[in-house]
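K.L.:
My questions will all concern the structure given below.
The values are calculated or read from the model by the stated rules, or taken from the named source; none is laboratory data. Every value quoted in this text rests on a predicted model; they were computed, and no experiment measured them. Cβ placement follows ideal geometry from the backbone for every residue including glycine, while neighbour counts extend to all protein chains displayed.
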Amino acid sequence: MIRLENLTRVYHMGDVDVHALRGVNLEVGSGELVSIMGPSGSGKSTLMNIIGCLDKPTGGQYYLDDTPVAQLNDDDLAEIRNRKIGFVFQSYNLLARTSAIENVEIPMIYAGVSPSVRHARAKAALENVGLADRLHHRPNELSGGQQQRVAIARSLINEPTIILADEPTGNLDTQTGKEIITLFQQLNRDRGITVMFVTHDADIAACTRRILRLRDGAIVGEEKVDEPCSYLLDDEASGRKASEIR
(Lines give C-alpha, C1' and ligand atoms only; values in the text may rest on other atoms or scores of the structure.)
Protein backbone atom coordinates (compact mmCIF):
# COMPACT_ATOMS: atom_id res chain seq x y z
CA MET A 1 0.00 0.00 0.00
CA ILE A 2 2.79 2.43 0.97
CA ARG A 3 6.20 2.35 -0.67
CA LEU A 4 8.98 4.88 -0.13
CA GLU A 5 12.15 4.77 -2.22
CA ASN A 6 15.19 6.79 -1.14
CA LEU A 7 12.93 9.52 0.19
CA THR A 8 14.54 12.82 1.23
CA ARG A 9 13.18 16.06 2.63
CA VAL A 10 15.30 19.20 2.92
CA TYR A 11 14.06 22.44 4.49
CA HIS A 12 15.82 25.67 3.58
CA MET A 13 16.19 27.88 6.66
CA GLY A 14 17.90 30.99 5.36
CA ASP A 15 21.44 29.93 4.44
CA VAL A 16 21.08 26.60 6.24
CA ASP A 17 19.73 23.37 4.77
CA VAL A 18 18.03 21.10 7.29
CA HIS A 19 17.94 17.46 6.18
CA ALA A 20 14.79 16.14 7.87
CA LEU A 21 14.77 12.85 5.94
CA ARG A 22 17.82 11.16 4.48
CA GLY A 23 17.10 8.36 2.01
CA VAL A 24 14.19 6.57 3.69
CA ASN A 25 13.16 3.23 2.19
CA LEU A 26 9.98 1.68 3.54
CA GLU A 27 7.12 -0.61 2.58
CA VAL A 28 3.88 -0.90 4.56
CA GLY A 29 1.32 -3.45 3.45
CA SER A 30 -2.46 -3.27 3.63
CA GLY A 31 -3.81 -3.97 7.11
CA GLU A 32 -0.54 -3.47 8.98
CA LEU A 33 -0.30 -1.94 12.46
CA VAL A 34 2.98 -0.02 12.59
CA SER A 35 4.65 2.41 14.98
CA ILE A 36 7.43 4.89 14.25
CA MET A 37 9.69 5.76 17.18
CA GLY A 38 12.54 8.21 17.52
CA PRO A 39 13.79 11.20 19.51
CA SER A 40 12.58 14.73 18.87
CA GLY A 41 13.99 16.01 15.58
CA SER A 42 14.47 12.54 14.13
CA GLY A 43 12.05 13.21 11.25
CA LYS A 44 9.00 11.28 12.49
CA SER A 45 6.43 14.00 11.89
CA THR A 46 8.01 14.94 8.55
CA LEU A 47 7.73 11.33 7.43
CA MET A 48 4.12 11.15 8.58
CA ASN A 49 3.25 14.39 6.78
CA ILE A 50 4.65 13.06 3.51
CA ILE A 51 2.85 9.73 3.86
CA GLY A 52 -0.32 11.69 4.61
CA CYS A 53 0.12 13.85 1.48
CA LEU A 54 0.41 17.00 3.60
CA ASP A 55 3.96 17.60 2.37
CA LYS A 56 6.04 16.58 -0.62
CA PRO A 57 9.51 15.03 -0.58
CA THR A 58 12.54 16.86 -1.93
CA GLY A 59 13.81 13.70 -3.57
CA GLY A 60 12.99 10.02 -4.00
CA GLN A 61 9.61 8.46 -4.69
CA TYR A 62 6.46 7.84 -2.71
CA TYR A 63 3.95 5.35 -4.08
CA LEU A 64 0.48 5.00 -2.55
CA ASP A 65 -1.40 2.02 -3.97
CA ASP A 66 1.22 2.05 -6.77
CA THR A 67 0.39 5.68 -7.62
CA PRO A 68 3.45 7.99 -7.71
CA VAL A 69 2.32 10.72 -5.34
CA ALA A 70 4.92 13.27 -6.47
CA GLN A 71 3.20 13.50 -9.85
CA LEU A 72 -0.20 14.44 -8.41
CA ASN A 73 -1.49 18.01 -8.34
CA ASP A 74 -2.92 19.74 -5.27
CA ASP A 75 -6.50 18.77 -6.07
CA ASP A 76 -5.54 15.11 -6.44
CA LEU A 77 -3.66 15.20 -3.13
CA ALA A 78 -6.65 16.77 -1.40
CA GLU A 79 -8.86 14.02 -2.80
CA ILE A 80 -6.51 11.34 -1.43
CA ARG A 81 -6.41 12.99 1.99
CA ASN A 82 -10.18 13.19 2.13
CA ARG A 83 -11.00 9.70 0.93
CA LYS A 84 -8.05 7.42 1.67
CA ILE A 85 -6.35 8.81 4.77
CA GLY A 86 -7.65 9.56 8.25
CA PHE A 87 -5.60 11.78 10.57
CA VAL A 88 -5.50 11.77 14.37
CA PHE A 89 -3.29 14.28 16.18
CA GLN A 90 -2.06 14.77 19.72
CA SER A 91 -3.96 18.06 20.04
CA TYR A 92 -7.23 16.61 18.64
CA ASN A 93 -7.67 19.55 16.17
CA LEU A 94 -11.37 19.98 16.87
CA LEU A 95 -13.26 23.20 16.14
CA ALA A 96 -13.86 24.76 19.56
CA ARG A 97 -17.32 26.26 18.91
CA THR A 98 -18.65 23.22 17.08
CA SER A 99 -20.40 20.19 18.57
CA ALA A 100 -18.96 16.69 18.41
CA ILE A 101 -21.32 15.60 15.65
CA GLU A 102 -20.62 18.73 13.59
CA ASN A 103 -16.86 18.17 13.94
CA VAL A 104 -17.27 14.64 12.62
CA GLU A 105 -19.37 15.86 9.69
CA ILE A 106 -16.67 18.22 8.38
CA PRO A 107 -14.83 15.77 6.05
CA MET A 108 -18.14 14.78 4.49
CA ILE A 109 -18.94 18.40 3.69
CA TYR A 110 -15.79 18.53 1.53
CA ALA A 111 -16.75 15.19 0.01
CA GLY A 112 -20.13 16.59 -1.07
CA VAL A 113 -22.28 14.31 1.11
CA SER A 114 -25.85 15.51 1.67
CA PRO A 115 -26.72 16.96 5.13
CA SER A 116 -29.11 14.15 6.09
CA VAL A 117 -26.67 11.41 5.14
CA ARG A 118 -23.68 13.01 6.83
CA HIS A 119 -25.64 13.62 10.03
CA ALA A 120 -26.69 9.96 10.19
CA ARG A 121 -23.19 8.73 9.46
CA ALA A 122 -21.60 11.08 12.01
CA LYS A 123 -24.07 9.94 14.66
CA ALA A 124 -23.25 6.29 13.95
CA ALA A 125 -19.50 6.98 14.02
CA LEU A 126 -19.72 8.65 17.43
CA GLU A 127 -21.85 5.81 18.75
CA ASN A 128 -19.19 3.36 17.55
CA VAL A 129 -16.53 5.09 19.64
CA GLY A 130 -18.71 5.21 22.74
CA LEU A 131 -19.99 8.79 22.53
CA ALA A 132 -23.70 8.29 21.87
CA ASP A 133 -24.49 10.55 24.82
CA ARG A 134 -22.07 13.32 23.79
CA LEU A 135 -23.23 14.12 20.25
CA HIS A 136 -24.02 17.77 20.92
CA HIS A 137 -21.26 18.57 23.40
CA ARG A 138 -18.55 21.02 22.39
CA PRO A 139 -14.87 20.18 22.92
CA ASN A 140 -14.64 22.20 26.16
CA GLU A 141 -17.44 20.03 27.54
CA LEU A 142 -15.54 16.81 26.84
CA SER A 143 -12.60 15.14 28.55
CA GLY A 144 -9.32 14.67 26.69
CA GLY A 145 -10.14 11.04 25.96
CA GLN A 146 -13.58 11.94 24.68
CA GLN A 147 -12.13 14.64 22.43
CA GLN A 148 -9.70 12.11 20.99
CA ARG A 149 -12.59 9.73 20.35
CA VAL A 150 -14.34 12.50 18.41
CA ALA A 151 -11.13 12.94 16.39
CA ILE A 152 -11.00 9.20 15.71
CA ALA A 153 -14.66 9.17 14.62
CA ARG A 154 -13.91 12.08 12.28
CA SER A 155 -10.88 10.25 10.85
CA LEU A 156 -13.07 7.24 10.02
CA ILE A 157 -16.07 9.02 8.56
CA ASN A 158 -15.06 8.71 4.89
CA GLU A 159 -13.98 5.08 5.37
CA PRO A 160 -10.22 5.56 4.82
CA THR A 161 -7.86 2.69 4.18
CA ILE A 162 -5.09 4.30 6.27
CA ILE A 163 -5.11 6.06 9.64
CA LEU A 164 -2.08 8.16 10.58
CA ALA A 165 -1.89 8.96 14.29
CA ASP A 166 0.74 11.45 15.49
CA GLU A 167 1.26 11.01 19.26
CA PRO A 168 -2.46 10.23 19.72
CA THR A 169 -2.09 9.55 23.46
CA GLY A 170 0.40 12.33 24.20
CA ASN A 171 -2.10 14.54 26.05
CA LEU A 172 -3.90 11.72 27.83
CA ASP A 173 -3.43 9.97 31.16
CA THR A 174 -2.17 6.39 31.11
CA GLN A 175 -5.54 4.64 31.43
CA THR A 176 -7.24 6.80 28.82
CA GLY A 177 -4.27 6.27 26.51
CA LYS A 178 -4.74 2.50 26.84
CA GLU A 179 -8.40 2.87 25.90
CA ILE A 180 -7.52 4.88 22.79
CA ILE A 181 -4.88 2.33 21.71
CA THR A 182 -7.44 -0.44 22.24
CA LEU A 183 -9.79 1.39 19.90
CA PHE A 184 -7.11 1.60 17.20
CA GLN A 185 -6.32 -2.10 17.63
CA GLN A 186 -9.97 -2.95 17.09
CA LEU A 187 -10.19 -0.81 13.97
CA ASN A 188 -7.12 -2.53 12.59
CA ARG A 189 -8.35 -6.00 13.48
CA ASP A 190 -12.03 -5.70 12.61
CA ARG A 191 -11.92 -3.38 9.60
CA GLY A 192 -8.47 -4.13 8.21
CA ILE A 193 -7.48 -0.45 8.31
CA THR A 194 -3.75 0.20 8.04
CA VAL A 195 -2.71 2.12 11.17
CA MET A 196 0.57 3.99 11.61
CA PHE A 197 1.53 5.63 14.91
CA VAL A 198 4.18 8.20 15.68
CA THR A 199 5.01 7.81 19.37
CA HIS A 200 7.69 8.38 22.00
CA ASP A 201 6.10 5.77 24.24
CA ALA A 202 7.66 2.30 24.11
CA ASP A 203 4.57 0.81 25.79
CA ILE A 204 2.37 2.15 23.00
CA ALA A 205 4.76 0.91 20.31
CA ALA A 206 4.67 -2.55 21.91
CA CYS A 207 0.95 -2.68 21.07
CA THR A 208 1.70 -2.61 17.34
CA ARG A 209 3.04 -5.45 15.21
CA ARG A 210 6.02 -3.63 13.75
CA ILE A 211 8.27 -0.94 15.20
CA LEU A 212 10.40 1.35 13.02
CA ARG A 213 13.15 3.37 14.69
CA LEU A 214 14.06 6.69 13.13
CA ARG A 215 17.16 8.74 13.93
CA ASP A 216 18.61 11.77 12.12
CA GLY A 217 16.15 11.34 9.27
CA ALA A 218 16.91 7.69 8.54
CA ILE A 219 15.44 4.35 9.58
CA VAL A 220 18.11 2.78 11.80
CA GLY A 221 16.22 -0.23 13.08
CA GLU A 222 13.11 -2.33 12.72
CA GLU A 223 11.56 -5.06 14.81
CA LYS A 224 8.49 -7.22 14.57
CA VAL A 225 6.32 -7.75 17.62
CA ASP A 226 5.11 -11.36 17.71
CA GLU A 227 2.63 -10.78 20.51
CA PRO A 228 1.47 -7.13 20.66
CA CYS A 229 0.14 -6.08 24.05
CA SER A 230 -3.64 -5.92 24.32
CA TYR A 231 -5.49 -3.93 26.96
CA LEU A 232 -8.78 -5.39 25.78
CA LEU A 233 -8.32 -8.93 27.05
CA ASP A 234 -9.81 -8.45 30.52
CA ASP A 235 -12.69 -6.39 29.14
CA GLU A 236 -13.49 -8.93 26.42
CA ALA A 237 -13.63 -11.63 29.08
CA SER A 238 -16.32 -9.65 30.87
CA GLY A 239 -18.26 -9.04 27.66
CA ARG A 240 -17.38 -5.37 27.18
CA LYS A 241 -16.41 -3.73 23.90
CA ALA A 242 -13.81 -1.02 23.45
CA SER A 243 -16.56 1.37 22.43
CA GLU A 244 -18.09 0.91 25.87
CA ILE A 245 -14.93 1.86 27.76
CA ARG A 246 -15.02 5.43 29.09
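K.L.:
Evaluate segment 130-146: report whether one residue or more is in a helix (DSSP H, G or I), over 26 Å from Arg189 (Cα atoms) and among the aliphatic types (A, V, I, L, M). If you could, list the steps in order and put the result at the bottom.
P.N.:
We begin by selecting, within segment 130-146, every residue in a helix (DSSP H, G or I); these are 139-141, 144-146.
Then keep just the ones that are over 26 Å from Arg189 (Cα atoms); that gives 139-141.
Applying the additional criterion that residues be among the aliphatic types (A, V, I, L, M) yields none.
Checked segment 130-146: no residue is in a helix (DSSP H, G or I), over 26 Å from Arg189 (Cα atoms) and among the aliphatic types (A, V, I, L, M).
K.L.:
Let me ask something else about it. Out of segment 7-51, which residues are assigned to a strand (DSSP E or B), closer than 13 Å to Ile219 by Cα and either under 14 Å from the mean Cα position of the chain (by Cα) or not acidic (Asp, Glu) (or both)?
P.N.:
So in segment 7-51, the residues assigned to a strand (DSSP E or B) come out as 7-13, 16-28, 33-37.
Okay, now just the ones that are also closer than 13 Å to Ile219 by Cα, so 7-8, 20-27, 35-37.
Matches in segment 7-51: Leu7, Thr8, Ala20, Leu21, Arg22, Gly23, Val24, Asn25, Leu26, Ser35, Ile36, Met37.
K.L.:
When you check Gly177 against the structure, is it assigned to a loop (DSSP other than H, G, I, E, B) and modelled with pLDDT under 90, yes or no?
P.N.:
It is false that Gly177 is assigned to a loop (DSSP other than H, G, I, E, B) and modelled with pLDDT under 90.
K.L.:
Turning to a different aspect of this structure: Going by the conditions given, is Val117 free of Cβ contacts under 8 Å to residues at least 40 places away in the same chain, assigned to a loop (DSSP other than H, G, I, E, B) and hydrophobic (A, V, I, L, M, F, W, C)?
P.N.:
No: the conditions fail for Val117.
K.L.:
OK, next. Can you pull out every residue in segment 72-92 that is surrounded by 16 or more Cβ atoms within 10 Å (Cβ to Cβ) and either over 19 Å from the mean Cα position of the chain (by Cα) or β-branched (Val, Ile, Thr) (or both)?
P.N.:
Leu72, Ile80, Ile85, Val88
K.L.:
Under 9 Å by Cβ, and 6 or more places apart or on different chains, what pairs join a residue from segment 60-79 that is among the β-branched types (Val, Ile, Thr) with one that is exposed (fewer than 13 other Cβ atoms within 10 Å of the Cβ) and in a strand (DSSP E or B)?
P.N.:
Pairs found: none.
K.L.:
Hey, another quick one. Could you check, for segment 196-217, whether at least one of its residues is modelled with pLDDT of 90 or more, surrounded by fewer than 20 Cβ atoms within 10 Å (Cβ to Cβ) and under 27 Å from Val117 (Cβ atoms)?
P.N.:
no
K.L.:
Give Leu7, Leu54 a once-over and let me know the one that is of a type outside the set (D, E, K, R), surrounded by 12 or more Cβ atoms within 10 Å (Cβ to Cβ) and modelled with pLDDT of 95 or more.
P.N.:
Leu7
K.L.:
Have a look at Val69, Val34, Val28 and point out the one that is surrounded by 13 or more Cβ atoms within 10 Å (Cβ to Cβ) and over 30 Å from Asp203 (Cβ atoms).
P.N.:
Exactly one residue qualifies, and that residue is Val69.
K.L.:
In segment 24-59, which residues are among the charged types (D, E, K, R), touching a residue at least 24 places away in the same chain (Cβ under 8 Å) and either in contact with an Asp or Glu (Cβ under 7 Å, 6 or more places away or on another chain) or under 27 Å from Asp74 (Cβ atoms) (or both)?
P.N.:
Glu27, Lys44, Asp55 - these are the residues of segment 24-59 that are among the charged types (D, E, K, R), touching a residue at least 24 places away in the same chain (Cβ under 8 Å) and either in contact with an Asp or Glu (Cβ under 7 Å, 6 or more places away or on another chain) or under 27 Å from Asp74 (Cβ atoms) (or both).
K.L.:
Do we find that Val150 is touching a helix residue (DSSP H, G or I) at 6+ places or on another chain (Cβ under 7 Å), of a type outside the set (Asp, Glu) and in a helix (DSSP H, G or I) in this structure?
P.N.:
yes
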